[in-house]
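Chemist: Okay, handing you the structure first.
Since every read-out is calculated from the coordinates, none of them should be taken as a lab result. Quick caveat, the model's predicted, so the values are computed rather than measured. So basically every Cβ, Gly included, is an ideal-geometry build from the backbone, and we count neighbours across all protein chains shown.
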Amino acid sequence: MSKTKVLGMEYGIEITRPWSPEMYEHNSKVSATMKEAIAKALDSAYNECDDEDVRAIAKAVCAYGHGYGYDIEGIYNDACNELKMVPDHWLNESCWPELVDGGYVKDLEVKFVGYKK
């Protein structure tokens, strides 16, 4: 039987290994908030016909770029589909920071819990 190890507190949530239901619930809410903001940024870039921004947002979400043989609608659709399935660890480690740095989304005050080593 595995023991639960308490690692500290973040946002009033006890951080444990293995993760607690509270940690999963918190991260699910953060993920939904991030995905909503990304979807809005992607929709805005697509509606403004900004190929460069759609490509940049899609690359952050999908973890790969689209060459210039792809049309903007295909890139947009691919990114929308990938966004539905993007794992939280990818949002936390790469996607979200890249989009914040690029100015596509505003950073959140409350982030994921349990990913710090």
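Chemist: Which of the three applies to the stretch 59-117, rounded, prolate or oblate, going by the alpha-carbon gyration tensor with a ≥ b ≥ c and a/c under 1.5 meaning rounded?
Modeler: Taking the square roots of the gyration eigenvalues as a ≥ b ≥ c, the stretch 59-117 is prolate.
Chemist: On a 0 to 90 degree scale, rounded to 10, what angle separates helix 72-85 from the longest Cα axis of the chain?
Modeler: 10
Chemist: What GluC sites (Glu not before Pro) in the stretch 22-74 are in a loop by DSSP, with at most 11 other Cβ atoms within 10 Å of the Cβ?
Modeler: Passing both the DSSP loop test and the Cβ count: GLU48.
Chemist: Right, something else. For LYS116, which aspartates and glutamates qualify as cross-link partners when the Cα separation must be under 16 Å and same-chain residues fewer than eight apart are set aside?
Modeler: GLU10, GLU14, ASP88, GLU93
Chemist: Near GLY74, within a Cβ-to-Cβ distance under 12 Å, what is the net charge of the other residues, with Lys and Arg +1 and Asp and Glu -1? Before the final figure, lay out the partial values.
Modeler: Working: positive: ARG55; negative: ASP51, ASP71, GLU73, ASP78.
So the surrounding residues net to -3.
Chemist: Which angle from 0 to 90°, rounded to the nearest 10, does the C-alpha axis of helix 21-47 make with the longest principal axis of the chain?
Modeler: 10
Chemist: Under a straight-distance cross-link criterion of Cα-Cα below 17 Å, which lysines are reachable from LYS106, leaving out those fewer than 8 residues away in the same chain?
Modeler: List returned: LYS29, LYS35, LYS40.
Chemist: What value, in deg cm²/dmol to 500, does the helix sum -39500 (n - 2.57) over DSSP H runs of n ≥ 4 give at 222 nm once divided by the residues of the chain? Write down the numbers at each step before the final one.
Modeler: Working: 4 runs with 59 residues, N = 117.
That calculation yields -16500 deg cm²/dmol at 222 nm.
Chemist: Right, another one. Compute the acute angle (0 to 90°) between the alpha-carbon long axis of helix 51-62 and the principal axis of greatest extent of the alpha-carbon atoms of the chain; round to the nearest 10°.
Modeler: Result, in degrees: 30.
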